[in-house]
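Working notes, beginning with the structure itself.
The values are calculated or read from the model by the stated rules, or taken from the named source; none is laboratory data. Just so it is clear, the structure is predicted and the values come from calculations on it, not from any experiment. For neighbour counting, all protein chains shown are included, and Cβ atoms are generated from backbone atoms with ideal geometry for every residue, glycine included.
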Amino acid sequence: IAAAAKSAGGDSTYYIGDTKDKGLEFISTCAGFAKHVAKELLTIDEFLFDDVQPDGSSKQIAAYRIRFASGFAIVALSSNPANIRGLQGRVIIDEAAFHRNVAAVIDACNALLIWGGVIRIISTHNGNLNPFNELIKETRAGQYDYSIHTITFDDAVENGLYERVCLMRGWEPSPEGKAEWYRKIRRAYGSRVEAMREELDALPREGEGVLLPLAWIEACSTDRYQLRRWSPPPRHAQLGEFVHWPERTRKAEMLMWLEEQVRPVLKAYAGQGFTWFLGEDFAMRQDRTCLALGFTDQQLKRHVPLIIEMAQCPYDQQKQALFWAVDLVMDLNRFGGGILDANGNGMALAQEAAQRYGPERIVELMPSDAWRRETGPRFRASFEDGTILIPADADIRGDLRQLQTIGGVAKMPTDIRTKGTDGGKRHGDGAIALWNFHAATMNETIPDYAYRPIRAGTGTGHGADDDDDGESRNWWRPPLGAGRGMGAI
């Protein structure tokens, strides 16, 4: 392509490998083919490539290049460039799964498509959680227009790899030699079967630290259950950002959303006789606050019919949504208790929830390794055994995939930040909410009764006792389920 004239479709090619040596090897191979196929006498020259950084500064990195009489070139960049938007041509991103930030490299290359360029992304796998494999899954889901080509070791053998090796090595090919060579390659991995499948069969391995394999999560996901997302309304011309709206207006906005989006889901499960539980993960400016609401059925299977997810939600509205949802659950069924994230700003909300519903119901959780050791294996086992059912959602699945076993303990790594389907940042929020929900269900079921005092002059607990925004103010109830052994850790 580089040797062809522009009128014949000629163009330059930029190779981006993960190491300097691979760039040099690529250029040498191209030069060798050019000499034999295009009959061109070529030399490889080394030069400094100006790599423009996101902040506008630039640094020079070593690069290799061969020029053709057509005016085009093949250029091998010796590291991961931050920005090649000023170039035109075709791009090959090699060993993409091993780049430090392959997503940034791809974003930089996308500008070449405007001028008719082509992007080729090539790699062996490097685990199921790697951005390269995520790109493949998203392409298969229709989110990109890439075409996927899979070439396994067996494909290469079928197309003459063994014979090529014999030619290069000076061996005499034979059926017996081929079988022995094939067996030797496979057996070289020993007991590391997953590593062999990843390298030879293009099947990404789960990775030693992955807590929940993808197949388990998807088997426990159903589109019968719902995830309801709240995000602040657009900036108002007079009122400004939602967080600065008057309190009454903010409450009315949240209440309307709860009535429209949440009440129908919870009402569908009214009067089933099962005990409901809550798991919560708190966030404010970035990440998401998640509320996982569900129950344990007669066969001890955990169901999560509803996850409420709130992005950039003011504290007051998080409290409003939490109290509204739990109050509605208590009206429709029984509420056994919940575990709330008490880290950082979540401590205040967890404390207020414990004051409202009783400390025997609400655990203000600051998780320790001891707590994770106790609850993590049970949470994992629920997915392995298929005894939990959750909403089918790409973001929730992605959150659960971030959980890892570190030092023998299930954890959410602190340095993990992923991008959700809405473009916002996530830190495994849905996974922590589900983990807390599951841990809450491990307590003994509360007795089948509850107590709600009624103010004088009202016939029910929902008269003068209600706030004007429809948020029922249920007074503190006597401790239910005392002795269930759930202490804050």
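Mind checking which residues of region 170-184 are under 24 Å from residue 196 (Cα atoms) and either outside any helix (DSSP H, G or I) or not aromatic (Phe, Trp, Tyr) (or both)? Walk me through it before giving the result.
Taking region 170-184 and keeping what is under 24 Å from residue 196 (Cα atoms), we get 175-184.
Answer for region 170-184, where residues must be under 24 Å from residue 196 (Cα atoms) and either outside any helix (DSSP H, G or I) or not aromatic (Phe, Trp, Tyr) (or both): 175, 176, 177, 178, 179, 180, 183, 184.
Could you tell me whether residue 281 is in contact (Cβ under 8 Å) with a residue 40 or more places away in the chain and under 23 Å from residue 434 (Cβ atoms)?
Numbers: in contact (Cβ under 8 Å) with a residue 40 or more places away in the chain: yes; under 23 Å from residue 434 (Cβ atoms): yes.
Answer is yes for this residue.
Mind listing just one residue for me: the one in region 331-372 that is assigned to a loop (DSSP other than H, G, I, E, B) and on the phi > 0 side of the Ramachandran plot and, of those, farthest from the chain's Cα centre (by Cα)?
Per the stated criteria, the residue is 358.
For the structure I just gave you, tell me whether residue 304 is under 21 Å from residue 226 (Cα atoms) and out of contact with any Ser or Thr (no Cβ under 6 Å at 6 or more places or on another chain).
Details: under 21 Å from residue 226 (Cα atoms): yes; out of contact with any Ser or Thr (no Cβ under 6 Å at 6 or more places or on another chain): yes.
So residue 304 fits the description; yes.
Could you look through region 179-238, keep only residues that are among the polar types (S, T, N, Q) and either modelled with pLDDT of 90 or more or in contact with a helix residue (DSSP H, G or I) (Cβ under 7 Å, 6 or more places away or on another chain) (or both), and pick out the one that is nearest to residue 318 (Cα to Cα)?
Start the filter on region 179-238 by keeping residues that are among the polar types (S, T, N, Q), which leaves 191, 221-222, 226, 231, 238.
Pick out the ones that are also either modelled with pLDDT of 90 or more or in contact with a helix residue (DSSP H, G or I) (Cβ under 7 Å, 6 or more places away or on another chain) (or both) and you get 221-222, 226, 231.
On the way: 221: 26, 222: 26, 226: 19, 231: 11 Å.
Per the stated criteria, the residue is 231.
Among the listed residues 215, 219, which satisfies the condition of being among the small types (Gly, Ala, Ser), surrounded by 13 or more Cβ atoms within 10 Å (Cβ to Cβ) and under 18 Å from the mean Cα position of the chain (by Cα)? I'd like the intermediate steps shown before the answer.
Numbers: 215 fails: surrounded by 13 or more Cβ atoms within 10 Å (Cβ to Cβ).
Sole residue among the options that is among the small types (Gly, Ala, Ser), surrounded by 13 or more Cβ atoms within 10 Å (Cβ to Cβ) and under 18 Å from the mean Cα position of the chain (by Cα): 219.
One line per residue, one yes/no per condition, for (1) touching a residue at least 12 places away in the same chain (Cβ under 8 Å); (2) farther than 19 Å from residue 281 by Cβ; (3) hydrophobic (A, V, I, L, M, F, W, C):
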residue	(1), (2), (3)
358	yes, yes, no
362	yes, no, yes
385	no, yes, no
392	yes, yes, yes
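Take region 361-398 and flag every residue that is acidic (Asp, Glu) and closer than 19 Å to residue 443 by Cα. Step through it out loud before you land on a result.
The first filter runs over region 361-398 and keeps only residues acidic (Asp, Glu), leaving 364, 369, 374, 384-385, 393, 395.
Correct list: 364, 374.
Identify the single condition in (1) at pLDDT below 70; (2) among the charged types (D, E, K, R); (3) surrounded by 13 or more Cβ atoms within 10 Å (Cβ to Cβ) that residue 397 does not satisfy, given that it satisfies every other one.
(1)
Does region 397-418 hold any residues that are outside any loop (DSSP other than H, G, I, E, B) and either of a type in the set (Ser, Thr, Tyr) or in contact with a helix residue (DSSP H, G or I) (Cβ under 9 Å, 6 or more places away or on another chain) (or both), and which are they? Full working, then the answer.
Going residue by residue through region 397-418, those that are outside any loop (DSSP other than H, G, I, E, B) are 397-401, 404-406, 409-411, 418.
Result: 397, 398, 399, 400, 401, 405, 409, 410, 411, 418.
Which residue is surrounded by the most Cβ atoms within 10 Å (Cβ to Cβ), if the candidates are limited to region 135-170 and must be at pLDDT 95 or above and among the aromatic types (Phe, Trp, Tyr)?
Here the residue is 162.
Considering each of 152, 124 in turn, give the residue that is closer than 24 Å to residue 185 by Cβ, of a type outside the set (D, E, K, R) and within 24 Å of the chain's Cα centre (by Cα). Step through it out loud before you land on a result.
Working: 152 fails: within 24 Å of the chain's Cα centre (by Cα).
124 is the lone residue from the list that is closer than 24 Å to residue 185 by Cβ, of a type outside the set (D, E, K, R) and within 24 Å of the chain's Cα centre (by Cα).
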